[in-house]
Structures are given as structure tokens and as C-alpha cells.
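> Okay, handing you the structure first.
The values are calculated or read from the model by the stated rules, or taken from the named source; none is laboratory data. Bear in mind the structure is a predicted one, so any value in this text is a computation, not a measurement. Note: ideal-geometry Cβ built from the backbone for every residue, glycine included; neighbour counts use all protein chains shown. To get the accessible areas, we keep the full protein, side chains included, count just its heavy atoms, and leave off ligands, DNA and RNA. Shrake-Rupley method; radii C 1.70, N 1.55, O 1.52, S 1.80 Å.
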Amino acid sequence: MTETTPGDDVFDSVGNDIFDSVEDVVTRFTEHGYLADQRLATTVFLQSRLDKPVLLEGPAGVGKTQLAKSLAEVTGRPLLRLQCYEGQDESTALYEWDYGKQLLYTQLLREKIGQIVGDASSIEESVDRISAEDSVFFSERFLAPRPLLDAVRSDVPVVLLIDEVDRADEALEAVLLELLAEYQVSVPELGTYRAKHLPYVVLTSNNTRDLSAALKRRCLHLSLDYPDAERELDIIRSKQTGLPDALARTLVEVVRGLRDLDLRKAPSISETIDWARTLAVLGATELTAELLAQTANVVVKYDRDLRRTLEVLPKLVDPNATVPDSRERHSHGHGHSHSHPHDDHTHDDHSHDDDPAPSASDPAGIEKRASKDEPGRHDAPNYGIAAGQRPQVKRSQGERSFNTRGARRRPV
Ligand SMILES: Nc1ncnc2c1ncn2[C@@H]1O[C@H](COP(=O)(O)OP(=O)(O)OP(=O)(O)O)[C@@H](O)[C@H]1O
Ligand SMILES: [Mg+2]
């Protein structure tokens, strides 16, 4: 293989898109709608100074992908994105040969190829003559670059987002190592491409598996988590959701309470934003447990999580609310709503002591069920709040996290 350097050998540091200071990062990102905390801003600042990729790990919806998008906006660089998935190989990450085009050319050149091998005395000689020409078919003309090679060959500096790298197999991680360490990509038939301009590389991971030490070592590593209440409120404000500020405060507080629960999927920043927008569209002027319960499906995506959420919402909105225990709420004789979800059929927290049991005279239990079917029972709220006793949001609520930062509270 020839060790060529198709790109310019000199690494440019592009002066106008590096950051002056950590504060400069914070300010410029804020101008573009991304509120970076000090740790994140420091990491981005160091990236621009140390020419190292950044690896962001953390739960879904905490702004990992958005950071790369905002970095591109802030620096005016084009964004190239490699979305990783299981079973992905280098042909979708680095490059592949454009087989269709190669085939088309061989068809069109059939006559010429015939001339080349026409007077060959043996098959071996024909093959030798054709292989003498094959470099034509493995030239840049037939190269189909994918995002990693694109980033290296780009004539302008870019931001390269390698998103959800933990979804890809370890083999792809190995492919990334050369790029991350040397900012170069080797194509055996052509040589090594080195970046003319160092890309800002951002890798994200949702921690579904451990990434290799080799990959981590090459990156500035940062674990992102949910923001504190004040920052989350700032984010909601910056998204101009239309929800009045006092309600947004309470909402942030409620979402933080939900994150304290053992939910299968905790609500993320993006879900808080969605919830705020939903409530604004519905014209909410106060946050009642009932209104939150009606819209909780915006943020809670599993039935088991929804049940748990509906149980604790009254308490989250008003810590003084009395919430009947789940036995009471799930017993069929006390206003159980049949719209209540039962996805996993694990009724360990439900009481079915008074379930209509079939008897000899009423084997299907029809009469017994009918006797319980009082008018209006389907209207009764199933959120643990009796009608007329719905807790109202108090002015002082929502200030718990804001006043006592870091003091997380278990709602139940
Ligand atoms: N610091 C922040 N400033 C402003 N908006 C933010 C911030 N963090 C998150 N967001 C908002 O949350 C949304 C979701 O963020 P993003 O898609 O980047 O999450 P993610 O961490 O990549 O999640 P996933 O792992 O599911 O891909 C963004 O579109 C943005 O609106
Ligand atoms: Mg993402």
C-alpha cells in the first residue's frame, strides 16, 4: 500500500471558531439556545484547545446530541453525523466502493476490455492484463465516502457527531480509534487521508454497554446528568413554551419528584419541555394533580410507570395531600376506573379481595358486577383525589428544589 496523504499535511487550527474562555463557551451556547453548565462548558473549551474528541455519556434526553448540533451552530461549522446501530460495519461509517458504478463502467467499457485481453494467449495472461488496470476501478472516482471519511476529507472544518456509539459493536469502535487518535482514515487502495482541518468530534453514549478503554482514553469524557432545578427551569424558559413561569417552576419540581421514583424510564429534559408545551397549549392557569394526570402520558411512556406516576402526583403537587394507599384505590368497590392500565399483569400492588367472584347461580359473575355498577362510577377520578378535594397549586410550591438545591426529596 502506498502511504499517501491526499489531504494537506498541515493541520490547521481554525482561529475564528475556537473559544476564548469557558465563559465564552457559556455565552455563545446560550445565544444559540443551549444552556451549558460549567463542567460542560469547560469540556467544550478544552476540546477546542486540546484538539480532543468529547465523549458524552448519560441518560436519554439530557442534551448530548443537542450539544453537537449547537456546537456546529455556534462555530458555523457544518455538522456531519454518524448514527450508530447494532451490526453496523465500516462500509456505512468510513467508506465503500461504489459497486454499481464500477459495474456500469465495466459494461460500458466492455469493448475496450475486450481489446486489452483480445490477443492474450492464456486465461492467466488475461487476468494479469485486467488486474494491471484495476487501480482505475479503485480510485477516488469510485469511492463512496461515509461520514468519518467525509469529515477528514472536508475542505472546511466540520463538527462530527458520532451518535449513540454504544449501540454499535465493538468492532466499529476499533474502526474509530484511528480517526480519534490521529484524525486520519486509511483506505488501503488509496493511502491515508489526514484531516486538513481538525474536526470537532462529539461522541454520545446512553451507557447501554461499557465502551472500550482505548476509546475512552482518546476522548475528553463527560457524564451528563439531569440538570439542577434552576437550570432546568432556565432551559424551559429559553424554549418559550408559553407556560407561565410559576407553573413551569412547579412542573420542574414535579418532574424532579418523578425522577426520584424507580421508573423504567425517567422523564428527561426534553420531556419536561414537551409537558410544558402541552400544558401551555391546554391553556393551563394552575397545575392541578388532575391536569397533570391527564397529560402525564406526555412524559411517562410505560404503563407501569404511569400507574406509579398517577399514584404520587397529588403528593408531588401538594406535599400535604392525603393519598389513599394503593389497596384502597385499586379495590373495585371504591370507584376503580376500568381505563386504568394493566400492561404487565403483575397485580402485586393491587387488592382484588372484593373482585366479583363467580358463584354457582351466577357463574359468569354478571349479576354481581351489575350490582356494583352504580351510575357515575366510571367518572370517579382514579388518581387518589376525591372530586372537590383536588389540591390546588400554592404559591410557595415548587420552591423546594429552588431554595434547597441538591436536597432531593422522596415524595412517598
Ligand atoms: N442544556 C440544554 N439547553 C437547552 N436545551 C436542552 C439542554 N439539554 C437538553 N435540551 C433539550 O432537550 C432535547 C433533547 O436533547 P437531546 O436530543 O440532545 O438528548 P440526548 O441526550 O441526545 O438524548 P438521547 O440519548 O435520547 O438521544 C433537546 O432537543 C433540547 O431541546
Ligand atoms: Mg441523542
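> Sorting check: for 126-133, 197-204, which peptide has the highest mean count of neighbouring beta carbons within 10 Å, and how do the rest follow?
Packing proxy ranking, top to bottom: 197-204, 126-133.
> Could you compute the net charge surrounding residue 41? Neighbours are other residues with a C-beta less than 10 Å from the C-beta of residue 41; K and R count +1, D and E count -1.
Spelling it out: positives minus negatives among the neighbours equals -1.
> Holding the Cα-Cα limit at 24 Å, pick out from 69/196; 216/265; 64/216; 216/239; 52/265; 239/315 the pairs that are longer than that.
Pairs exceeding the cut-off: 216/265; 216/239; 52/265; 239/315.
> At residue 133 and residue 85, where each label point lies 7 Å from the Cα along Cα→Cβ, what is the point-to-point distance in nanometres?
3.8
> Kindly rank 265-274, 207-216 from highest to lowest mean number of other beta carbons found within 10 Å of each residue. Spell out each step's value before the answer.
Numbers: 265-274: 20.4, 207-216: 13.5.
Highest mean packing first, the order is 265-274, 207-216.
> Applying the Karplus parametrisation 6.51 cos²θ - 1.76 cosθ + 1.60 with θ = phi - 60° to the phi angles of the range 308-318, what ³J(HN,Hα) value in whole Hz is obtained for each residue in order, glycine and proline being reported as x?
The phi angles translate into 4, 4, 4, 5, 9, 3, x, 5, 6, 6, 9 Hz.
> From the protein chains alone at 1.4 Å, what is the descending order of accessible area for 253, 23, 170, largest first? Intermediate values should be presented prior to the final figure.
On the way: 253 5, 23 100, 170 125 Å².
The ordering from most to least exposed comes out as 170, 23, 253.
> Within the range 108-245, what whole-number % of the accessible surface is contributed by carbon and sulfur, with the 1.4 Å probe and all protein chains included in the calculation?
Values: 3300 of 6710 Å².
The nonpolar share, carbon plus sulfur, comes to 49 percent.
> Pull up all non-local amide H partners of residue 203: gap of 5 or more, or a different chain, and H-to-H distance under 5 Å with H placed in the peptide plane.
Placed amide hydrogens put 54, 55, 56, 162 under 5 Å from residue 203.
> Residue separation times 0.36 nm, minus the C-alpha to C-alpha distance between residue 207 and residue 280: what's the value?
22.9 nm
> Using 0.36 nm times the number of residues separating residue 245 and residue 27, minus their current alpha carbon distance, what extension gain do you get?
Extra length available between residue 245 and residue 27 comes to 76.2 nm.
> Additional query: Can you list residues from other chains, or at least 5 along the same chain, whose modelled amide H is less than 5 Å from the amide H of residue 95?
Hits under the 5 Å cutoff: 146.
> With the Cα gyration tensor of the range 96-142 in hand, convert its eigenvalues to equivalent ellipsoid semi-axes via √(5λ) and list them largest first in whole Å.
For the range 96-142, the ellipsoid semi-axes come out as 22, 12, 7 Å.
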